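A short worksheet on the structure shown next.
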Number of protein chains: 4
Amino acid sequence: MRRATKMRETSEARRSELIVATLKSLRKHGYINSTINTISEESGLSRGLISHYFANKDDLLIVAHKYYLQNVDDFFRHVVWSTKSGHFGKLFYSVSVPFLRDTGFEQMLVHYFSAAWMLPEVLRMHRDLWGRYRTNIQHRISAAARERGLVMDTRLAAITLTQLVDGLWLGWVMEESYTQEDCRMILRKWLCEQFHEDPEMYPLTPDIDLTHFETAAPLPHIDD
Amino acid sequence: MRRATKMRETSEARRSELIVATLKSLRKHGYINSTINTISEESGLSRGLISHYFANKDDLLIVAHKYYLQNVDDFFRHVVWSTKSGHFGKLFYSVSVPFLRDTGFEQMLVHYFSAAWMLPEVLRMHRDLWGRYRTNIQHRISAAARERGLVMDTRLAAITLTQLVDGLWLGWVMEESYTQEDCRMILRKWLCEQFHEDPEMYPLTPDIDLTHFETAAPLPHIDD
Amino acid sequence: MRRATKMRETSEARRSELIVATLKSLRKHGYINSTINTISEESGLSRGLISHYFANKDDLLIVAHKYYLQNVDDFFRHVVWSTKSGHFGKLFYSVSVPFLRDTGFEQMLVHYFSAAWMLPEVLRMHRDLWGRYRTNIQHRISAAARERGLVMDTRLAAITLTQLVDGLWLGWVMEESYTQEDCRMILRKWLCEQFHEDPEMYPLTPDIDLTHFETAAPLPHIDD
Amino acid sequence: MRRATKMRETSEARRSELIVATLKSLRKHGYINSTINTISEESGLSRGLISHYFANKDDLLIVAHKYYLQNVDDFFRHVVWSTKSGHFGKLFYSVSVPFLRDTGFEQMLVHYFSAAWMLPEVLRMHRDLWGRYRTNIQHRISAAARERGLVMDTRLAAITLTQLVDGLWLGWVMEESYTQEDCRMILRKWLCEQFHEDPEMYPLTPDIDLTHFETAAPLPHIDD
DNA sequence: GATGAATGAGGGTTCATTCAT
DNA sequence: AATGAATGAACCCTCATTCAT
């Protein structure tokens with residue numbers, strides 16, 4: 001039994017190694033240029049092993065995407081939970097999440113947007129996560145509005161906010177013509193206008209540890 | 001000479017056919033699954049002919065993207081020029097452009113966002129056009145603000161507006177959980193808030209012909 | 001009738017242009033890299049025209065080879081006929097022929113040696129011309145030997161001489177490590193040894209015009 | 001380790017199979033008509049495997065040529081080392097080498113002469129080996145001349161001898177109008193004349209085993 | 001007679017996948 | 001569990017040839 005457990009751990013470790021290698025390869029070579037070869041080279045494991053752990057390449061890509069989204073989600077939770085502030089502050093920091101770190105894997109998401117139309121599972125995952133995020137944001141908007149006795153179309157407000165985040169993120173990745181700080185400033189401005197808050201009260205960077213957080217899907221450190 | 005002219009016209013027609021077929025193929029099969037085969041099938045022409053008109057597949061993809069962006073740009077000009085209204089109205093309708101028609105090719109752009117990282121020319125074109133758009137929008141924002149004696153950070157405002165557009169567009173394409181009208185309403189709301197205008201004064205749909213406009217890059221009608 | 005004649009001349013001129021362009025292309029791009037395209041570019045005529053004058057590419061290559069061999073043969077005759085000397089002198093200069101000019105097309109022959117095994121007609125032509133040369137040389141050897149009252153195996157002598165020529169030519173083309181003058185010196189030495197002649201009596205270069213001679217297959221001047 | 005060694009041996013065996021199949025294909029179809037298809041058919045292995053063992057087709061062709069030249073070189077060494085005779089005898093048999101066996105691959109060399117102008121590495125190998133051969137021959141000529149107190153231009157003599165060999169070989173391959181024995185007789189005659197030796201003293205065929213010799217590059221037996 | 005648009009077979013190469021070891 | 005040799009389909013591209021103009 002000890003051995004079986006050990007084996008399972010090893011197996012899981014192997015799976016993770018392959019998943020992380022996949023993300024690295026996607027990041028380095030792009031989507032179409034990521035092959036079984038580049039992935040196995042990145043992992044230091046053999047090509048054949050991939051078939052051992054994953055049904056096929058698509059499966060691996062899907063699982064890798066799930067892994068990446070898991071990390072994003074865990075970071076989101078971490079930021080929201082760690083932040084000591086009221087509804088409004090939590091709302092602000094929760095939408096700032098994409099602009100509070102630079103993992104080096106941001107660009108990769110664009111490839112998955114494209115791949116989503118070839119891999120239905122990826123599209124499903126995307127819509128699921130994005131939908132949950134928007135619902136979550138909409139609830140926070142409702143709470144902050146109720147707190148202030150404000151009336152607003154929370155559905156449209158949530159769409160506005162989440163898509164402003166998405167648009168800022170997309171432009172930041174694609175154009176590299178403005179900074180993450182610009183993004184946070186823009187988001188704070190919009191939120192403060194909506195909720196009649198004073199921007200000065202909310203520092204652009206939350207006072208929490210942004211580098212360490214609990215996640216079952218750690219991303220490798222990239223230094224190039 | 002008549003003949004030469006005729007021949008050249010024919011040639012141009014063939015080029016266009018191949019370009020449009022490429023866009024159709026990209027739309028239907030996505031980037032990675034669009035091959036010389038799918039394109040030639042879509043066009044009804046032979047595989048070899050593609051090499052006759054384009055240096056290689058990448059060249060064709062780049063030219064096709066240029067063609068598509070040309071159409072988008074021409075539609076943008078059409079909307080802005082046709083609209084009879086002041087600075088503010090023109091600003092509103094110019095950012096509403098992506099939500100004033102549904103060509104069926106919107107999803108294709110996502111594939112090009114991904115392809116941009118493999119084809120530097122595509123990235124260059126993207127950044128060039130997006131940059132020019134944002135500059136254009138920033139000028140309009142300045143003009144509208146000046147008109148009203150308002151002071152604002154036009155750079156951040158332009159980023160906010162263009163990226164709100166991009167984000168709304170991205171979510172609309174990827175999630176299909178809200179409408180183009182939602183998008184226009186959101187944009188109108190943000191603009192009216194910034195410029196203290198009354199939304200009721202600006203109908204969501206401009207009173208112009210949205211289906212016919214001059215362009216050297218017409219898109220085919222899609223019905224599936 | 002005048003017109004018909006004119007037309008025919010024009011046709012023949014076109015054929016020649018294409019043939020010469022073929023030789024130029026073979027020289028410049030080598031055998032495998034010479035395509036209908038490179039040939040038509042070299043000739044300044046259209047691709048389609050080649051099919052008008054030649055059955056197919058192989059036909060053109062064969063005719064071009066015939067053309068080249070014709071030129072070589074005509075130069076051979078020119079040298080032999082122009083030289084004012086006895087049997088021995090004529091023999092010497094006739095075998096020196098390959099080393100009395102540098103047309104720039106020598107290397108091309110190597111490609112035809114290879115092509116001969118794919119194009120039976122080329123092999124036939126090669127064997128025919130080489131056979132006639134050797135017979136011719138053998139006759140001259142016989143005559144020179146008879147003149148001097150020498151007895152020798154003229155068959156083996158002819159093989160020796162013609163193949164020494166071929167070998168010198170091949171090495172000169174392939175290795176570029178010795179000169180045409182070396183070749184003529186070697187041939188003179190061998191001949192003088194066989195016929196007890198004094199090399200000093202026979203200058204390495206015959207006193208004739210080596211650049212102008214009658215031929216139906218003129219080669220273009222190469223200057224690169 | 002046993003397995004690794006076994007695997008490596010297997011790999012090397014596959015490489016050799018592909019190389020030999022390449023030589024066979026070149027022999028049968030010539031240079032231009034030898035394709036990945038003909039080679040894989042000749043080997044009985046799949047097309048894809050070639051890319052597994054060789055960088056590309058050119059690489060395979062170059063390696064195959066190297067292999068063939070290795071065999072030729074090893075046979076040369078074998079003949080020279082096995083022959084029990086003085087400087088002169090060794091010289092005679094060393095130049096007779098091309099006419100002491102018929103592997104069935106002679107014609108193939110003509111294709112490589114042509115290919116050399118497309119594949120610089122092949123030209124380099126050719127010039128290297130031919131250069132070394134001539135130097136070797138020149139040394140033997142010097143030694144034999146010194147032995148007899150003869151004075152001669154050893155450079156020209158070496159060129160004469162090696163190119164007589166090449167020319168005889170070329171004519172033998174291309175024309176098939178004389179025999180290998182003719183060639184050996186011609187070479188013996190020339191050598192004996194130069195060194196005042198009696199041909200009768202040197203049998204045309206050396207008294208050694210011509211079919212078995214050590215080589216890392218064995219050629220297959222051809223029977224068609 | 002002359003053109004070059006159009007074809008499609010076949011070229012080399014890549015790559016996900018299988019499978020014997 | 002792990003390897004990498006082996007496969008073959010599909011990729012992009014080249015090219016000789018055909019044919020409408």
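The values are calculated or read from the model by the stated rules, or taken from the named source; none is laboratory data. Just so we're clear, the structure is a prediction, and the values are computed from it rather than from any experiment. Positions of Cβ are generated from backbone atoms using ideal geometry, with glycine treated the same way; all protein chains shown enter the neighbour counts. Remember, those area values only see protein heavy atoms, side chains included, never the ligands or the DNA or RNA. Shrake-Rupley method; radii C 1.70, N 1.55, O 1.52, S 1.80 Å.
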Go through (1) in contact with a helix residue (DSSP H, G or I) (Cβ under 8 Å, 6 or more places away or on another chain); (2) within 27 Å of B:E176 (Cβ to Cβ) one by one and return the number of the condition A:D153 breaks. (1)
Looking at (1) surrounded by fewer than 19 Cβ atoms within 10 Å (Cβ to Cβ); (2) closer than 21 Å to A:L168 by Cα; (3) out of contact with any Lys or Arg (no Cβ under 6 Å at 6 or more places or on another chain), which is the only condition A:L45 fails? (2)
Being free of Cβ contacts under 8 Å to residues at least 60 places away in the same chain and either in a helix (DSSP H, G or I) or out of contact with any Leu (no Cβ under 8 Å at 6 or more places or on another chain) (or both) narrows B:R184, B:R140 down to just B:R140
Could you please find all residues in the stretch A:111-129 being closer than 13 Å to A:L69 by Cα and either open to solvent by less than 40 Å² (accessible area, probe 1.4 Å) or outside the structural domain of A:G171 (by TED's automatic domain parsing) (or both)? A:Y112, A:F113, A:V122, A:L123, A:M125, A:H126, A:L129
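Please work out if B:V63 is more than 24 Å from A:Q107 (Cα to Cα), modelled with pLDDT of 95 or more and more than 14 Å from chain A (Cβ to nearest Cβ).
Values: more than 24 Å from A:Q107 (Cα to Cα): no; modelled with pLDDT of 95 or more: yes; more than 14 Å from chain A (Cβ to nearest Cβ): yes.
So B:V63 fails the test.
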Go through the stretch A:116-137 and give me each residue that's more than 22 Å from A:Q194 (Cβ to Cβ), in contact (Cβ under 8 Å) with a residue 12 or more places away in the chain and in a helix (DSSP H, G or I). A:E121, A:V122, A:M125, A:H126, A:L129
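What number of residues in the stretch A:51-78 are assigned to a helix (DSSP H, G or I), of a type in the set (A, V, I, L, M) and open to solvent by 20 Å² or more (accessible area, probe 1.4 Å)?
Step one: of the stretch A:51-78, the residues assigned to a helix (DSSP H, G or I) are A:51-53, A:57-78.
If we keep only those that are of a type in the set (A, V, I, L, M) too, we end up with A:60-64, A:69, A:72.
Remaining after also requiring open to solvent by 20 Å² or more (accessible area, probe 1.4 Å): A:62-63, A:72.
Number of matching residues: 3.
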Out of (1) open to solvent by 20 Å² or more (accessible area, probe 1.4 Å); (2) in a helix (DSSP H, G or I); (3) without any contact (Cβ under 8 Å) to a residue 40 or more places away in the chain, what's the single condition that is false for B:A158? (1)
A:L91 versus (1) modelled with pLDDT of 95 or more; (2) assigned by TED's automatic domain parsing to the domain that holds A:L168; (3) farther than 23 Å from A:Q163 by Cβ: which is the lone unmet condition? (3)
Between a first residue in the stretch B:26-41 that is farther than 21 Å from B:T103 by Cα and a second residue that is near DNA strand F (Cβ under 9 Å from one of its atoms) and open to solvent by less than 50 Å² (accessible area, probe 1.4 Å), which pairs have beta carbons less than 8 Å apart while being 6 or more apart in sequence or on different chains? B:I36/B:I50; B:S40/B:L49; B:S40/B:I50
Hits in the stretch A:89-115 (condition: of a type in the set (F, W, Y) and either within 8 Å of chain B (Cβ to nearest Cβ) or assigned to a helix (DSSP H, G or I) (or both)): A:F92, A:Y93, A:F99, A:Y112, A:F113
Whichever residue in the stretch B:13-56 is within 14 Å of chain A (Cβ to nearest Cβ) and farther than 21 Å from A:V110 by Cβ and, among such residues, is farthest from DNA strand E (Cβ to nearest atom): B:T38
Restricting attention to the stretch A:187-224, and to residues there that are in a loop (DSSP other than H, G, I, E, B) and of a type in the set (D, E, K, R), which single residue is surrounded by the most Cβ atoms within 10 Å (Cβ to Cβ)? A:E197
